[in-house]
Amino acid sequence: VIVRWQRGVPVYGVPVVTGPFIATAAVAGLGVMLIIYRQIVGLGPTTGMTDAYPWGIWKTFNTMVLTALGSGSFAIGIAAWIFRKRTLHSIMRVALLISFLVYTAGLLALGVDVGRPWNFWNMLLPWRWNTHSPLWEVALCMPVYAFFPLLLENTPPMLERIYYLYPQSKAAIRRLVPTIRATYPWVVALAYVLPILHQSSLGALMLLAGSRVHPLWQSPLLPWLYVWAAAYIGVATVIVTLLLCFLAWKRPLDFEVLRSLAALTSGLTLGWVGIRLLDIIVRGQIVTAFAFDWYSLVFWTEMALIGGAGVALRRKPVVESGHSLFLISLATVIGGMIYRYAPPALAFSSKPLSFYSPTVVEILISLGFIALCHLGFLVAVKRLPILPAPVSEWDNLVDYYRYLYPWVQISRSDHATSEHRPGYAD
Amino acid sequence: MEISRRQALGALAKGGIPLLASSTVGVTTCAASQLAIPLPSADAVAMLYDTTICTGCKACVSACAEANGLVPDTRLTGLHQSPLDLNAFTKNIIKLYDPVSGPQSFVKQQCMHCVDPACVAACPFEALFKRTKDGIVAWEPTKCIGCRYCEVACPYHVPKFEWAAQNPAIVKCEFCQHRLAVGEEPACTAVCPTDAVIFGPRSVLLAGAKARVEAAPGKYFENRVYGEHEAGGTQVLYLSHVPFEAIGLPTLAPDERPGRYLRWQSLIYKFFAFPVILYAIAARVMRQNFVEHQREVREEHEHSGMDPQL
C-alpha cells in the first residue's frame, strides 16, 4: 500500500500521561530542582568545570551539539520553500516543533551555564555589543530565532486545535489568518538566514581557542563546517523521529518523503566529508589523522559514521526498509554529534593538562533539558496536528473526536457552511 | 506545478547579484582598515621583566595581593602565598622553571595586556575592554555575564573565574589601575627590590630592553624581546635566558589571535551587511514561492475537499 503524507494529524486514542511520560517528567523535575540548587550555591560546588576547562557539558553539549539536532527545519525548509521540493512540506511541522523545543532547551542551558546571568540586560544596549564576539552573535541570534520565526511558524497547529475544539474562537482566528498569511514569507525567510549566522558562530567560538583545539578540527572553515553539519544532523534527526513515531504509534510511513529526506542527507554528508578532507589535506594535517592516538580514533569514528551513512543512504535497499533507514540516520546523527562535540571537548586540550569530567549534578541537569524537550514533543504530537499522515487518518480522527467531544462539529471542511475557508495558507 | 531548480537558482541570482556587487565594494573598503593589526597607543604603559635579574623573592606576589585586596591563598600547602598557578586569589605569581639539566629560571606571570587582546575580542558585551589611552585591559563588572569565553580565548591562560562565589568575578591583573589613577606605579614593580620587573611607557621599556640585548649578545634567548610582536604585541615585555616556551610564553605569530581567525566575524556583523543581503535574497525567493504554494494548496483543497494546513 502506498501511503501519501498529506496533512498533520494528532496522535489520537492514546493517553498523554503514561508510565514513560511520568518517568521523563521525573527526570525533568529533578533537573529543574537542581537548576534552582545551582543558582543558590553557584557553579563551583555543582560542576566539574575548572579554569583549565571553563566550558562544561551545558555549553558544549546542550548548546553547541544538541542545537544541531534542531536544525532540521532550517535544512528541510530551504529545500521545501526555496528549492520548492513540494513533498517536504508535509513534514515541516515536525521539523519546526523539534527545532523550537531543542533551541529553547539549548538557550536555557546557556542561561544556567553563565555565572552572572543577571547581566544579560546588556543585550538591550546595542552600543555595548561586541560585534567581534561569536558568543555575542549566538546570544543575540539564537533567542531571536527561537522566539520569533520558530514560535510564529509553530502557531498554526495550535490555532488549528483551538479553531476546531472551541467554536466560539472561529471568527477571531479567521480575522487573524490574513495577517499570518501576509507576514509568513517575511518571517520564514528570516528562519533561513538566522541559523546560518548562529550555527556558524557556534563553530567560530572555538577559533579563538587556537592551538588548544587539535589541528584536525581547528580550521578557518570551522564555522562553515559547523553550519553544514547542523543541516544534515537536523535532517537525519527528523528521519529518526518520524521512524520512532511510526514504531511507537503505528503511524503510516510515506517512503517517497523519507527517500527524498535520505537523498538530502546523503548529498549533504558526502559534500561535507569531501570539503572536510580537502581542508585537512590543504592545511597539511592529514598525517596527524594517522597518528593512531585518541584524536585519530575520534576523527575516524566520526568520518566512518558520517561518510559511511552518506554512501549507504544512496543504496536502494537501505532507503526502502524502515529498519535500515533508521539505523543509518541514527549513525549520521551520532557521527555529526561527535564532530560538533570534538572542538570544545573531545579534541580540546587544556593547559596545564587536566581532565574534565562532568559532575552528577551537571549530567542530571543536562538530562533534565533533554527530558523537557521529550515531554514537550509528546504533549504536542498528541494534542496538535503535527505528525504527517494520509487524509484517511484525519477522517478517522474526526470520527474519534465526535465520540470524545460530541458538542464539537468537525467536518471535513467548513466550505459548505461558510464563505471563508479557515486554512492559514489558502 | 514544480519550478525547476534552475529557475529557483535563477531567481536567487537575480535578487542576489546586484546586492552582492554593491555590498562587496563597501565591505572591501572597510576591510583594509579592519584587518590590520592595531598598533599600541602612544601612551601605552608597560612592564619589563628580566629573568636574569629576578631572585624569586615573591615580594611582588604579596604586594599584588595586598594592593588588590586579595585573600592570601593558603589552600595548597598551608604556606602563605604558595599557589601553583594564577587563580581567583592570585593575579600575579612567580614560578620556578627547574629542568633536569641546564639553567634554572624564575618567571613572573600576570596579564600580558595584549595590544590586540583575544579576551576583548571574545567578550560578548565588552566587559573586558582595552583602555584607549594607556592600553590597560580592564574588567567592568556590570557588563560581565560570566560566560568564561575569555578563559577559552586567552593564549596565555590568564583570566580566572571565581568558581566558589555566588556573584563570581573574572580575576586578572588590571595593571593596578587604581594605583595609576593616583600617580603610583603598579604594586609589583614598586616593590621589586632588584628591579627585575620595571614600569614605564611601552616605547621606552622596549628600547631599554633592546639595549640590554645589544649590550650582551648571546645572554638572552634568541637575542630578542618577547612581547614585541607576539599576537600583535603585548604591554608586558620579557627578556629570558631560557627558551620562552619553557617558562610558559607560547610561540605566537603576530596575527595569531584574534587577528587571523576572527577579523571576518567583525566584517560580517559590523554593518549587518552579510545578514541583510542573505535575508533580502531569501525573502525575495520566499514571497514568489509562497504565492505559488498557496495556489497549489487551493488546487489540493478543491481535489480533496479538506481544509488546507500551513
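Read-outs: derived from the displayed coordinates by stated rules, not from any lab. What you are looking at is a predicted structure, and each value in this text was computed from that prediction instead of being measured. Cβ sites come from the backbone with ideal geometry, for glycine too, and all protein chains shown count toward neighbours.
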Straight-line reach only, C-alpha to C-alpha below 13 angstrom: list the aspartates and glutamates that B:Lys210 could link to, leaving out same-chain residues fewer than 8 apart. B:Asp50, B:Glu222, B:Glu228
So what's Rg/Rh here for region B:32-157, counting alpha carbon atoms and using the Kirkwood radius for Rh? 1.00
Relative to the longest principal axis of the C-alpha atoms of chain A, give the angle of the C-alpha long axis of helix A:222-249, reported between 0 and 90° and rounded to the nearest 10°. 40 degrees
Roughly how tilted is helix A:360-383, in degrees to the nearest 10 and between 0 and 90, from the longest Cα axis of chain A? 20 degrees
Size of charge dipole - chain A - debye, nearest 20, with Cβ of Lys, Arg +1 and Asp, Glu -1, no other charges: 560 debye
Do the alpha carbons of any pairs in B:Lys95/B:Lys143; A:Lys351/B:Lys58; B:Lys130/B:Lys219; B:Lys133/B:Lys160; A:Lys59/A:Lys382 sit beyond 27 Å of each other, and which pairs? B:Lys95/B:Lys143; B:Lys130/B:Lys219; A:Lys59/A:Lys382
Count the net charge of all other residues whose Cβ sits under 12 Å from the Cβ of B:Cys54, scoring Lys and Arg as +1 and Asp and Glu as -1. +1
Quick one: work out Rg over Rh on the C-alpha atoms of region B:156-310, Rh as Kirkwood radius. 1.35
Among all the aspartates and glutamates, which ones have a C-alpha under 17 Å from A:Lys170's C-alpha, if same-chain residues fewer than 8 places away are not counted? A:Glu160, A:Asp414, A:Glu419, A:Asp426, B:Asp307
Here, trypsin sites (Lys or Arg not before Pro) of region B:131-210 satisfying both criteria (DSSP loop; at most 14 other Cβ within 10 Å) are B:Lys133
Can you spot the aspartates and glutamates whose alpha carbon is less than 13 Å from B:Lys91's alpha carbon? Ignore those fewer than 8 places along the same chain. B:Glu66, B:Asp73, B:Glu162, B:Glu174
Would you compute the Debye intensity of the protein assembly as shown from its alpha-carbon atoms alone, equal scatterers and no solvent, and pass along log10 I(q)/I(0) at q = 0.06 Å⁻¹ to two decimals? -0.43
Which residue fluctuates the most in chain A, going by a Gaussian network model with Cα springs under 10 Å, if the choices are A:Ala171, A:Ala345, A:Ala262? A:Ala171
Qualifying trypsin sites (Lys or Arg not before Pro) in region A:215-289, DSSP loop, other Cβ atoms within 10 Å at most 15: A:Lys250, A:Arg283
Once a ≥ b ≥ c are taken as the square roots of the eigenvalues of the Cα gyration tensor of region A:159-262, is the result rounded (a/c under 1.5), prolate (a/b larger than b/c) or oblate (a/b not larger than b/c)? oblate
Gaussian network model of chain A, Cα springs within a sub-10 Å range: biggest mean-square fluctuation belongs to which of A:Leu202, A:Leu378, A:Leu165? A:Leu165
Degrees, to the nearest 10: A:294-312 long Cα axis against longest axis of chain A: 30 degrees
Work out Dmax and Rg for chain A from the C-alpha atoms and quote the Rg first, both in angstrom. 22.6, 74
Pick from A:Gly111, A:Gly44, A:Gly70 the residue whose mean-square fluctuation is largest in a GNM of chain A, springs joining Cα atoms under 10 Å. A:Gly44
